[in-house]
Amino acid sequence: MSNVLITGGAGFVGSNLADRLVAQGDKVTIVDDLSMGLVENIPDSDLVTFYEESITNKEFMEHLLVKNKFDYIYLFAGVASVADSVARPYETHQVNQEANVFLLEVIRKRKLPVKKILFASSAAVYGDDPQLPKTELSRIKPLTPYAIDKFASERYMIDYGNLYDLPTVAVRFFNIFGPKQNPSSPYSGVISIITDCIREGKTFNLYGDGEQVRDFVYIDDVIDALLLLTRSDKAAEAHGTYNIAAGKKTSVNDMIAAYEKITGKKLDINQEAARQGDIKYSYADISKLAGLGYKPVYNIETGLEKYWEYINK
Ligand code: UD2
């Protein structure tokens, strides 16, 4: 039984990871300010301790780290919306970068015996550079405060690893979908929004012509990747940054067509102008992760099927 901290553990990825860890008998501590996460996402188990707190509360975080001596730390807390980061650049910076660097600093100074620290970065760091697919060596072109902070925090993780021998690793998420993704914001994952529209008979606003391409990856595959990088016999080899994606390109139109087939329902679509700054093509080369043994199980159809099954449970 390991002792695990998940910041942002009430959010989409964090809570799915918590489910998996609790199922394998780990003790899980969650810190989440519920700005985007939902309390009902948190697994109902004696193995889970939940603190409704912001990771920017330094005193609280330092005390928590020192008291618990976590084996594994997963850093998912953050302002998740790119648009939010543009509207509130300094506030998001304090959460998305400053708070994470502070945690590293506490671990370094207090010599805390962590086995692995994983930081969640984003495909946003690649910006709109035309080179595709994105490999971890592709050009970095952060275009928003969100992307800048994600990239800077990645670098802090990696350099704290190199300079102070901390066992860090960073991941760049592409477009994850599946249970527990909160569809409430216009910047929520497009598949969670479409799911909500199909269920509630609402109209879906499609921004642009739908020919924009994404690399949609099902949450269960993402959790497998996270465990591979931190908990498997390959984890010791995992350093630096890894793309987490399916390694497949799908247009929004093709995704919608597949979903309509699965659900047997027609999505009511209202076409709007493309979002400002929207990236037309984004998909990943996942060979670095595959080199450690990662192999996604789901494709867009089987992932959507499983998601729809969960929704109707
Ligand atoms: C994803 C991440 C974002 C950032 C970015 C980096 C999610 C939820 N967001 O944004 O945090 O890392 O990648 O590139 O994973 N769309 C519609 N209608 C809607 C919502 C979306 O047409 O109601 C379109 C949207 O304009 C985009 C596509 O669907 O072209 C995917 O949108 P998204 O918000 O799910 O993800 P993305 O790639 O913009």
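Let me check the size of the chain from its C-alpha atoms; what are the radius of gyration and Dmax in Å?
My reading of the Cα-based Rg and Dmax gives 18.7, 57 Å.
Looking at the chain only, what percent of DSSP beta bridges run antiparallel? Nearest 5 please. Numbers along the way, then the final one.
Working: 2 of 39 bridges.
Given both bridge residues lie in the chain, the antiparallel proportion sits at roughly 5 percent.
When only Cα pairs under 8 Å and 6 or more residues apart are kept, what is the percent relative contact order across the chain? Could the numbers behind the result be given before it?
Details: 606 pairs, mean separation 51.0, N = 313.
Normalised by residue count, the contact order of the chain is 16 percent.
With charges only on Cβ, +1 for K and R and -1 for D and E, what is the dipole size of region 154-239 about its Cα centre, in debye, rounded to 20?
The calculated dipole for region 154-239 is roughly 260 debye.
Using only the alpha carbons of region 46-121, what is the convex hull's orientation-averaged projected area in square nanometres?
Details: hull surface 22.5 nm².
Averaging across all directions leaves 5.6 nm² for the Cα convex hull.
Roughly how many whole Å is it from the C-alpha centroid of region 112-182 to that of region 243-313?
The two parts, judged by their Cα centres, are 21 Å apart.
Report Rg(Cα)/(2.2 N^0.38 Å) for region 204-289, keeping two decimals.
1.38
Taking the Cα centre of the chain as the origin and placing charges on Cβ (Lys, Arg +1; Asp, Glu -1), which of MET61, SER184, TYR294 is farthest toward the positive end of the dipole?
Value: TYR294.
Please give the per residue accessible area of the chain, computed with a probe of 1.4 Å over protein heavy atoms only, in Å². Show your work: numbers first, answer last.
On the way: 14170 Å² over 313 residues.
Dividing the accessible area of the chain by its residue count gives 45 Å².
Reachable lysines from LYS234, Cα under 19 Å, same-chain residues fewer than 8 places away excluded?
Within reach: LYS115, LYS116, LYS288, LYS295.
Rounded, prolate or oblate: which one fits region 26-69, using the alpha carbon gyration tensor with axes a ≥ b ≥ c (rounded when a/c is under 1.5, else prolate when a/b beats b/c, else oblate)?
Details: a/c = 3.51, a/b = 1.19, b/c = 2.94.
Because a/c hits 1.5 or more and a/b fails to exceed b/c, region 26-69 counts as oblate.
Using a probe of 1.4 angstrom, how much of the accessible area of region 104-157 is carbon and sulfur, in percent?
The computed percentage sits at 56.
For region 67-210, just run the numbers: alpha carbon Rg, then divide by 2.2 N^0.38 Å, N being how many residues it has.
That ratio works out to 1.19.
Specify whether the C-alpha gyration tensor of region 255-307 places it in the rounded, prolate or oblate class, a ≥ b ≥ c being the square roots of the eigenvalues: rounded for a/c under 1.5, otherwise prolate if a/b is larger than b/c and oblate if not.
Cα axes put region 255-307 in the oblate bin.
For region 149-190, what does the alpha-carbon gyration tensor say about shape, rounded, prolate or oblate, given a ≥ b ≥ c as the root eigenvalues, a/c under 1.5 as rounded, and a/b over b/c as prolate?
prolate
In whole angstrom, note down how far apart the Cα centers of region 37-55 and region 194-213 are.
30 Å
By per-residue mean of other Cβ atoms within 10 Å, what is the highest-first order of 147-159, 281-293?
Going by the mean number of other Cβ atoms within 10 Å, highest first, we get 147-159, 281-293.
Express the carbon and sulfur contribution to the solvent-accessible surface of region 218-276 as a percent, rounded to the nearest whole number, probe 1.4 angstrom.
Looking at region 218-276 in its full context, I get 45 percent from C and S.
The values are calculated or read from the model by the stated rules, or taken from the named source; none is laboratory data. Please read all numbers here as calculations on a predicted model, not as lab measurements. Note: ideal-geometry Cβ built from the backbone for every residue, glycine included; neighbour counts use all protein chains shown. All accessible areas refer to the heavy atoms of the entire protein, side chains included, with ligands and DNA or RNA removed. Shrake-Rupley method; radii C 1.70, N 1.55, O 1.52, S 1.80 Å.
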